[in-house]
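Colleague: Here it is, the structure in full.
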Amino acid sequence: MRHTLKRLVFSGFLLAALAPAHSRELLAVGTEFASVFERNTSGEFSGLGVEIVKAIARQTGDTVKFEIYPWARAQFMVEQDQAHILIGPYKTPEREARFSFAAHGFYRDYMVFYVRNGTNLQWDGDYRNLRGLRVGVVNGWVYGAKFESMRAWLRPEVANSLTNALNMLNARRIDYLASNLRNTEALLKTMGLGSEFTVLDQVIDTQDGYLAFCKKSGCDALRSQFDQVFEQLRNSGELAKMAHSFSVRIP
């Protein structure tokens, strides 16, 4: 009983310390990421990123509005202080100059190559073996340090969206599509193309997705508060439960 009381008192002090003097109205933006940030036909937002932001905001006393935009626009809004939180970006040196990243990622993706069935195309991890072949990528996506270092040499074909990229692969306009497993598998089911493509065994890279914050005055305090509550979610096992409910891998 005494230990329970101590925990309750400690939690009360922690919540008081995290809560801002006045409730903030936060805008969290991103693009459609399967199981991470989605919006259904009823207009409701769901996904692991949404649930994490909601859980943290409940403890900090904030209210959150969610909006989905094209990826480039969502990034621009946070960079220009038009939104507070960007849901789901992978971390790169270029993005770290534009955003303030959370201390830990909240989901993990495998970057892979897709090819059409029946082509017998393979990849052994050596980008030199892709010479003369057409590699497709999605505009605004990053694929890991090794791939990015070879991007200029590969001269990939750029699609405006993952849907367009899959259509390009299906129409034989590209030979390989670099994508992430989570998003692509979900979209293939929706498009009815799951039986048309093969995932190559050799992984391009592993990428962790984060919450990223604007860099204006006040956003550092916001990020720090979110980091503290996120650590609680990790240590308590609540994050793992959330991730399991959305079938999302976590770091």
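The values are calculated or read from the model by the stated rules, or taken from the named source; none is laboratory data. Please read all numbers here as calculations on a predicted model, not as lab measurements. Ideal geometry is used to build each Cβ from the backbone, glycine not excepted, and the neighbour counts take in all protein chains shown. Surface accessibility is based on the protein's heavy atoms, side chains included, excluding ligands, DNA and RNA. Shrake-Rupley method; radii C 1.70, N 1.55, O 1.52, S 1.80 Å.
Colleague: Loop only by DSSP, 16 or fewer other Cβ within 10 Å of the Cβ. Give me the GluC sites (Glu not before Pro) in region 44-76 that pass, ordered by residue number.
Modeller: Glu44
Colleague: Next up: Would you mind working out the magnitude of the charge dipole of region 34-94 relative to its Cα centre, with +1 at each Lys and Arg C-beta and -1 at each Asp and Glu C-beta, to the nearest 20 Debye?
Modeller: 100
Colleague: Once the Cα atoms of helix 181-191 and of the chain are each reduced to a long axis, what angle between those two axes, in degrees from 0 to 90 to the nearest 10, is obtained?
Modeller: With both axes taken from Cα atoms, the answer is about 70 degrees.
Colleague: May I ask you to list the residues of region 115-140 whose amide nitrogen lies under 19 Å from a point 7 Å from Cα along the Cα→beta-carbon direction of Arg172?
Modeller: Taking a point 7 Å out along Cα→Cβ of Arg172, the residues of region 115-140 whose backbone N falls under 19 Å are 115-122, 132-136.
Colleague: Could you work out which residue, out of Ala83, Ala28, Ala171, moves most in a Gaussian network model of the chain, that is, has the largest mean-square fluctuation with Cα springs under 10 Å?
Modeller: Result: Ala171 has the largest fluctuation of those listed.
Colleague: Tell me the label-point distance for the pair Asp124, Lys54, using the 7 Å Cα-to-Cβ offset, in nm and rounded to one decimal.
Modeller: 4.9
Colleague: Right, here's the next one. Take the solvent-accessible surface of the protein heavy atoms, probe 1.4 Å, and return the percent of it on the chain that carbon and sulfur atoms account for.
Modeller: Carbon with sulfur: 49 percent of the solvent-accessible area.
Colleague: Then there's this: Once amide H atoms are placed 1.01 Å from N in the peptide plane, what residues at a sequence separation of 5 or more from Glu157, or on another chain, have their amide H within under 5 Å of its amide H?
Modeller: Val135, Gly136, Val137
Colleague: Distance in nm between label sites at Gln80 and Arg39, each 7 Å beyond Cα in the beta-carbon direction?
Modeller: Between Gln80 and Arg39, the label points sit 1.8 nm apart.
Colleague: Once you put a point 7 Å from the Cα of Ser23 and another 7 Å from the Cα of Lys241, both along the Cβ direction, what distance in nm separates them?
Modeller: 2.4
Colleague: Given the -39500 (n - 2.57) contribution per DSSP H run of 4+ residues, what per-residue ellipticity at 222 nm results for the chain, rounded to the nearest 500 deg cm²/dmol?
Modeller: -12000 deg cm²/dmol
Colleague: Can you compute the charge dipole magnitude of the chain about its Cα centre, using +1 on each Lys and Arg Cβ and -1 on each Asp and Glu Cβ, nothing else charged? Give it in debye, rounded to the nearest 20.
Modeller: Taking the Cα centre of the chain as origin, the dipole is about 200 debye.
Colleague: Just report the Cα centroid separation between region 185-251 and region 22-66, whole Å.
Modeller: Using only Cα atoms to place each centre, the spacing works out to 13 Å.
Colleague: Continuing with this model, one more query. Helix 2-18 sits at what angle to the longest principal axis of the chain, using alpha carbons and giving 0 to 90 degrees rounded to 10?
Modeller: Helix 2-18 and the main axis of the chain meet at about 70 degrees.
Colleague: Follow-up question, since we're still on this one. Given the chain, what count of lysine pairs have C-alpha atoms under 24 Å apart, with each pair 8 or more places apart or on different chains?
Modeller: 12
Colleague: While we're looking at this one, here's another question. Identify which of Leu211, Leu177, Leu193 has the largest mean-square fluctuation in a Gaussian network model of the chain, with springs joining Cα atoms closer than 10 Å.
Modeller: Leu193
Colleague: Residues of region 156-183 with backbone nitrogen within less than 16 Å of a virtual label 7 Å along the Cα-to-Cβ line of Leu133, please, listed as ranges.
Modeller: 156-157, 169-170, 172-179
Colleague: Next question. Report the relative contact order of region 120-174, percent, no decimals, based on alpha-carbon pairs under 8 angstrom and at least 6 residues apart.
Modeller: Across region 120-174, relative contact order equals 40 percent.
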